[in-house]
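Here's the structure, in structure tokens; my notes come after.
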Amino acid sequence: MPDVAEMAPDFTLPRDGGDSVSLSSQRPAPVVLFFYPKADTSGCTKEAVAFTDLSEAFEATGTRVFGVSKDPVKKLDKFRDKHGLGIPLLSDEETDICEQYGVWKEKSMYGKKYMGIERTTVLIGGDGKIVRIWPKVKVPGHAEDVLEAVKAL
């Protein structure tokens, strides 16, 4: 994972609705990337809904918010529509970006080991440098914490 004050790895990923998003094209706006394990699961839904609920507050600061998972675009479209999500969802099916950001990790559940996305949020300043990283995110109150960090930029 890149460190705070380092340049965030650039990318272009497909998004829900069929377009694509490049990180570098967002400048000079600050960017929040929240990496989540899987669309339409309980914690991921709560997190995406929380960021959607605060989307106007993030927009008021000029900050762009994106959710990133390895789900295919079709699944992201269903996830967005089912829960009325108002933030762009990016598809990293090959996990290249997740690996560059250090969130593709070995996990375990019920004693079985597998590779997956560790819920992590990265705040990137308007200059493209990482301002803050939240590893192993706990969902309740997280979107609000990120918004407070954005307001402090």
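Here are a few things to note about the model shown:
- Beta bridges per DSSP with both ends in the range 12-151, % antiparallel, nearest 5: 70 percent
- Förster-model FRET efficiency, 22 Å R0, residue 95 and residue 40, C-beta, rounded to 0.05: 0.75
- Within the chain, the longest run free of exposed loop sites, counting GluC sites (Glu not before Pro) that sit outside DSSP helix and strand states (H, G, I, E, B) and have at most 14 other Cβ atoms within 10 Å, spans 7-92.
- Computed from backbone phi with θ = phi - 60° and the Karplus coefficients 6.51, -1.76 and 1.60, the 3J(HN,Hα) list for the range 104-113 is 8, 9, 6, 10, 9, 9, 6, x, 9, 9 Hz; x is used for glycine and proline.
- Euclidean distance of C-alpha centroids, the range 51-130 and the range 1-45, integer Å: 6 Å
- Total charge dipole magnitude, the chain, about the Cα centre, Cβ charges on Lys, Arg, Asp, Glu only, Debye to nearest 20: 500 debye
- Here the relative contact order of the chain, from alpha carbon pairs under 8 Å that lie six or more residues apart, stands at 32 percent.
- Restricting the range 87-124 to chymotrypsin sites (Phe, Trp or Tyr not before Pro) in coil, as DSSP defines it, with at most 15 other Cβ within 10 Å: 110
- Sorted by Cβ neighbour density within 10 Å, fewest at the top, the residues 124, 97: 97, 124
- Long pairs among 78/107; 46/136; 113/136, criterion Cα-Cα beyond 19 Å: 78/107
- Computing percent of Cα pairs over 23 Å apart directly from the structure and comparing it against (1) 30; (2) 42; (3) 33 singles out (1).
- Low-density loop positions, trypsin sites (Lys or Arg not before Pro), the range 112-153 - DSSP coil, at most 13 other Cβ in 10 Å: 136, 138
- Extension gain from residue 24 to residue 74, taking 0.36 nm per residue of separation minus the Cα-Cα distance: 15.5 nm
- Neighbourhood charge, 12 Å Cβ-Cβ cut-off, centred on residue 46 and excluding it, Lys, Arg +1 and Asp, Glu -1: -1
Readers should treat all values here as calculations from the given coordinates under stated rules, not as data from a laboratory. Being a predicted model, the structure only gives us computed values, none of them experimental. Please note: Cβ atoms are built from the backbone with ideal geometry, for glycine as well, and neighbour counts cover all protein chains shown.
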